[in-house]
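The values are calculated or read from the model by the stated rules, or taken from the named source; none is laboratory data. Quick caveat, the model's predicted, so the values are computed rather than measured. Neighbour counts are summed over all protein chains in view; Cβ atoms, including those assigned to glycine, are modelled from backbone coordinates with ideal geometry.
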Amino acid sequence: MEVILNLVGLMITASLVNNVVLSQFLGLCPFLGVSKKTDTALGMGGACIFVITLASLVCSIIYKFILAPLDLSYLRTIVFILVIAMLVQFVEMILKKYIVSLYQALGVYLPLITTNCAVLGVAINNVTDGYTILESTITGFATAIGFTIAIVILAGLREKLEYNDIPVPFKGMPLVLLTSGLMAIAFTGFSALK
């Protein structure tokens, strides 16, 4: 029972308290770029859930069974980037074949998941924090859920704000950055859950 409670606590911490976008400021490029429409944001979130979860699992396995025993942990960043690039190519091929509309809506941001620092940051944090393979996978999944929550909320707010009378200096990206900042402040309220 204690193990399950620890895993649930790890999920809450990774998704809400230490939200990858709003408290760690990782993955801001797709967060700001793909959050114009809720559907596209949800699609990007789904792609990130798949990539971050699998990257956390595979990177943890590679680190625990290959890099650490062979004392090659200094290669972890390069190896993790290669794993992430492979997973993103896999997601891109699947979307291009089966969900063409989402593939076209994500556009250039889909290949950018490869360079999304959130994916690499989660994989590196997992091995740095000494998580087990299960803990790494759960942390990756929860972090991706937190990313999806944040990007979908921002997309919903942007859709609502689009029809409001906004002063010209605040239109566009300034309003998005202000909204993101207010979301980050709101998410600090989850720190009481720690």
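Just to be sure I understand, how many residues within segment 153-194 are at positive phi and either outside any loop (DSSP other than H, G, I, E, B) or among the aliphatic types (A, V, I, L, M) (or both)?
Adding up the residues that qualify gives 0.
Checking Asp165 against (1) among the charged types (D, E, K, R); (2) free of Cβ contacts under 8 Å to residues at least 60 places away in the same chain; (3) surrounded by 11 or more Cβ atoms within 10 Å (Cβ to Cβ), which single condition isn't satisfied?
Single failed check for Asp165: (3).
Quick test of your reading of the structure: Phe65 fulfils all but one of (1) at pLDDT 95 or above; (2) under 23 Å from Phe25 (Cα atoms). Name the failing condition by number.
(2)
Quick check on segment 103-151: of everything there that is polar (S, T, N, Q) and under 16 Å from Leu87 (Cβ atoms), which residue is surrounded by the fewest Cβ atoms within 10 Å (Cβ to Cβ)?
Here the answer is Thr115.
Which pairs turn up if I take residues in segment 168-181 that are touching a residue at least 40 places away in the same chain (Cβ under 8 Å) and look for partners that are part of a helix (DSSP H, G or I) and among the aromatic types (Phe, Trp, Tyr) with beta carbon separation below 9 Å, at least 6 apart in sequence or on another chain?
Taking only residues 6 or more apart or on different chains, the pairs are Ser180/Phe31.
Just the residues that are touching a residue at least 24 places away in the same chain (Cβ under 8 Å) and surrounded by fewer than 17 Cβ atoms within 10 Å (Cβ to Cβ), please, taken from segment 44-67.
Gly46, Ile61, Lys64
Taking only segment 102-119 into account, find how many residues are free of Cβ contacts under 8 Å to residues at least 60 places away in the same chain and among the aliphatic types (A, V, I, L, M).
Summing the residues that are free of Cβ contacts under 8 Å to residues at least 60 places away in the same chain and among the aliphatic types (A, V, I, L, M) in segment 102-119 gives 1.
Could we say that Val152 is under 21 Å from Thr13 (Cβ atoms) and aliphatic (A, V, I, L, M) here?
So Val152 passes the test.
When the residues of segment 168-190 are filtered to those that are small (Gly, Ala, Ser) and either farther than 26 Å from Val17 by Cβ or within 19 Å of the chain's Cα centre (by Cα) (or both), which remaining residue is surrounded by the most Cβ atoms within 10 Å (Cβ to Cβ)?
Filtering first and then ranking leaves Ser180.
Would you point out the residue of segment 26-43, among those that are more than 9 Å from the chain's Cα centre (by Cα) and over 20 Å from Gly172 (Cα atoms), that is surrounded by the fewest Cβ atoms within 10 Å (Cβ to Cβ)?
Leu42
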